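Right, one structure below, let's go through it.
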Amino acid sequence: QVQLVESGGGLVQPGGSLRLSCAASGFTFSRYTMNWYRQAPGKERELVALINSFGGVNYADSAKGRFTISRDNAKSTVYLQMNSLKPQDTAVYYCKSTLGWTVYWGQGTQVTVSS
């Protein structure tokens, strides 16, 4: 049974930091590209960052310089370190795994940036 379980969300003040985790099971994690998406109320889901099976990374412009994606294949876990958070980062953050046409999604974790 495939599972992607996100954790680490919460309420943080502007300028603060959070580290999201996505624990995977039920598939060969190391072969998959892992992605973080987010969806704010009333907006479309958007890609935040991805890391491929070789460790190559890519970021949305809004995340560059503030967010860092990483993976630990031994733990089948992908992380998103988010620094200098802004109110506009408020969203539900989703983990997604992709390999060819195979796609899995997690259930999401809420991140709220507010004073």
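The values are calculated or read from the model by the stated rules, or taken from the named source; none is laboratory data. Note that the structure is predicted; figures quoted are calculated from it, not measured. Positions of Cβ are generated from backbone atoms using ideal geometry, with glycine treated the same way; all protein chains shown enter the neighbour counts. Protein only, heavy atoms only, side chains kept; ligands, DNA and RNA dropped before computing areas. Shrake-Rupley method; radii C 1.70, N 1.55, O 1.52, S 1.80 Å.
When the accessible area of the chain is computed with all protein chains present and a 1.4 Å probe, what percentage of it is carbon and sulfur? Ligands and nucleic acids excluded, carbon and sulfur give 47 percent.
What whole-number distance in Å separates the alpha-carbon centres of the range 1-79 and the range 84-108? Centre-to-centre (Cα) distance: 6 Å. Solvent exposure of the chain, expressed per residue, is 53 Å² of accessible area, with all protein chains present and a 1.4 angstrom probe.
Each other residue within a Cβ distance under 15 Å of Ser76 adds +1 if Lys or Arg and -1 if Asp or Glu, for a net charge of +2.
Count Lys and Arg as plus one, Asp and Glu as minus one, and take only other residues whose Cβ is under 14 Å from that of Leu20; the net charge is then +2.
Comparing the chain with the 2.2 N^0.38 Å rule of thumb, its C-alpha radius of gyration ratio is 1.00 (two decimals).
Extension gain, Thr112 to Leu11: 0.36 nm times the residue separation minus the Cα-Cα distance gives 35.9 nm.
Between Glu44 and Asp61, the contour length at 0.36 nm per residue exceeds the Cα-Cα span by 4.5 nm. Working ranking of peptides 1-12, 16-27, 89-100 by packing, defined as the average number of other Cβ atoms within 10 Å per residue, highest first, is 89-100, 16-27, 1-12.
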